[in-house]
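Throughout, read-outs are computed from the coordinates displayed, never taken from laboratory work. Just so we're clear, the structure is a prediction, and the values are computed from it rather than from any experiment. Note that we place each Cβ from the backbone using ideal geometry, even for glycine, and neighbour counts take in every protein chain shown.
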2 protein chains.
Amino acid sequence: MMADQRPHLLVVDDAFDIREPLAKFLDKNGFRVTTAENAAAARSRLNAEKIDLVVLDVMIPGEDGLSLCRYLSANTAVPVILLTALSEETDRVVGLEVGADDYITKPFSQRELLARIKNVLRRVGDAATAGKPEGMDGTYLFEGWTFKIGERELRNPDGVLVPITTVDFYLLSTFLAYPKDVLDRDKLLGLAHGMQPDIFDRTIDLQVSRLRRKIEPDPKAPTYIKTVRNKGYVWCTDVTQAP
Amino acid sequence: MMADQRPHLLVVDDAFDIREPLAKFLDKNGFRVTTAENAAAARSRLNAEKIDLVVLDVMIPGEDGLSLCRYLSANTAVPVILLTALSEETDRVVGLEVGADDYITKPFSQRELLARIKNVLRRVGDAATAGKPEGMDGTYLFEGWTFKIGERELRNPDGVLVPITTVDFYLLSTFLAYPKDVLDRDKLLGLAHGMQPDIFDRTIDLQVSRLRRKIEPDPKAPTYIKTVRNKGYVWCTDVTQAP
DNA sequence: GAGCAATTGTATCAATTTGTATCGCCCCCT
DNA sequence: AGGGGGCGATACAAATTGATACAATTGCTC
């Protein structure tokens with residue numbers, strides 16, 4: 001049986017009619033979801049399974065949510081998003097003081113929470129910008145350019161080394177792994193799909209723009225990376241792989 | 001068993017003699033249809049199945065339609081078309097305020113609702129302008145022009161690169177995939193068939209017009225893309241395919 | 001540990017691209 | 001010849017993407 005490779009969330013809220021619909025929503029949007037209705041159950045789950053992020057209601061019976069959050073922040077690396085009832089500034093301060101990575105006030109829209117979850121996962125785990133797409137290796141050639149995965153080296157047609165950043169490297173790797181395929185922004189960020197064009201994360205646009213400036217002959221009229229409106233970007237030239 | 005791939009609509013109306021005929025009509029016109037007679041049933045359906053669009057009567061017993069609409073807008077990405085009894089301007093404002101994507105006043109023509117459904121699906125999903133027709137690839141030649149699918153490049157007979165937008169690309173791809181075939185507007189939009197010549201969506205006309213301006217020697221007297229009155233458009237010149 | 005440099009994210013503004021609303025012409029029909 | 005519908009074209013508005021400036025962060029040097 002294949003393992004569920006989606007990011008694993010733990011939703012902690014005692015209100016069934018908030019917890020369960022939210023879990024279903026997140027499941028439908030690319031996440032594996034486990035739920036808990038109090039701090040004790042949450043701790044148990046955290047011990048039993050690998051959790052990538054916790055969505056935590058501060059108002060749970062028994063041990064306070066803030067207490068659990070403080071514990072997680074001090075003793076683990078698991079990021080936390082707090083659900084708070086009040087939107088007062090004090091809450092924000094408190095929330096961040098106890099180590100939460102983000103917070104959102106109730107009532108909240110599921111979509112906004114989804115966006116924040118992805119945002120935090122990207123910031124914290126940064127699994128996306130860390131490495132390269134699975135199974136990539138060797139040397140890639142396109143239009144005279146040479147891109148060595150292992151060495152993290154990019155050379156232009158003249159053989160000159162072009163300095164690339166971590167993000168450049170990851171982006172270029174992803175494009176070269178899927179040439180001629182339209183990649184949406186989520187995919188380019190290495191995240192699960194499902195974000196609606198409501199809360200936009202324009203980070204990718206900027207990163208693509210910066211990569212274009214480094215490799216496109218004319219960044220104003222890109223020939224390698226083209227834009228597909230409402231969808232994302234495509235790598236448009238042929239890529240050959242050398243061992 | 002093959003899955004039903006048609007867009008899935010949820011029709012919410014308590015009046016049997018409106019709900020059922022409408023469901024039948026929409027089914028015959030290219031949609032999978034599920035019905036519900038109140039908000040609770042609608043929520044249940046929405047949780048159980050993947051719904052692409054909700055047609056919602058605001059005057060339903062129990063929970064108000066506007067309330068359900070507001071909920072959907074805040075917590076899901078499912079687009080909503082409201083059925084309202086009054087045609088007053090206030091209704092329009094209210095409808096859009098609660099997050100409806102469109103609205104239509106009763107009594108309404110089924111054809112008009114059909115047109116609006118397609119319109120909203122196109123706006124929201126925008127699957128049409130996404131990529132290229134299935135299985136297309138390689139290079140197409142016509143009258144000296146060169147169109148490379150993979151590279152998303154169009155060159156005129158002089159070999160000069162002609163910049164094309166995402167829509168241009170999709171339209172041209174579709175035409176070249178079906179030369180000499182009359183394509184109706186639904187087909188060109190990439191939507192299911194069945195729209196009657198009642199409420200026209202003139203979007204395609206404009207897009208064709210814009211494409212003509214880029215490729216026709218004389219856009220006033222088009223030779224490549226010709227108009228077929230009451231039907232659609234045809235690609236009229238020979239197309240050869242190079243590898 | 002301070003200071004500097006590079007990188008990355010956020011906030012904005014500008015430029016394209018696309019959709020909507022109209023006007024007017026032309027074709028077809030009675 | 002008159003009328004209506006369908007289509008071409010223009011102007012304008014909305015949405016999406018590109019570009020710039022600046023702030024925040026990270027990493028490295030001294």
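Computed quantities for the displayed model
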| quantity | calculated |
| --- | --- |
| DSSP bridge orientation in the protein assembly as shown - percent antiparallel, rounded to nearest 5 | 50 percent |
| Qualifying trypsin sites (Lys or Arg not before Pro) in the stretch A:1-81, DSSP loop, other Cβ atoms within 10 Å at most 15 | A:Lys50 |
| Local electrostatic count at A:Lys50 - Lys and Arg +1, Asp and Glu -1, tallied over other residues with Cβ under 13 Å | 0 |
| Segment A:Arg123-A:Arg213, length gained on full extension (0.36 nm per residue, minus Cα span) | 30.0 nm |
| Segment B:Glu143-B:Ala40, length gained on full extension (0.36 nm per residue, minus Cα span) | 31.1 nm |
| Compactness of the protein assembly as shown as Cα Rg over 2.2 N^0.38 Å, two decimals | 1.13 |
| Normalised alpha carbon radius of gyration of the stretch A:1-67 [divisor 2.2 N^0.38 Å] | 1.09 |
| Value of [θ]222 nm, deg cm²/dmol, for chain A, DSSP H segments ≥ 4, -39500 (n - 2.57) each, nearest 500 | -11000 deg cm²/dmol |
| Local electrostatic count, B:Pro243, Cβ distance below 12 Å [Lys/Arg +1, Asp/Glu -1] | 0 |
| Neighbouring partner chain Cβ atoms per residue of B:150-158, average, 10 Å criterion | 3 |
| Using distinct alpha-carbon pairs, which all enter the 1/r mean, Kirkwood radius of chain B in Å | 19.9 Å |
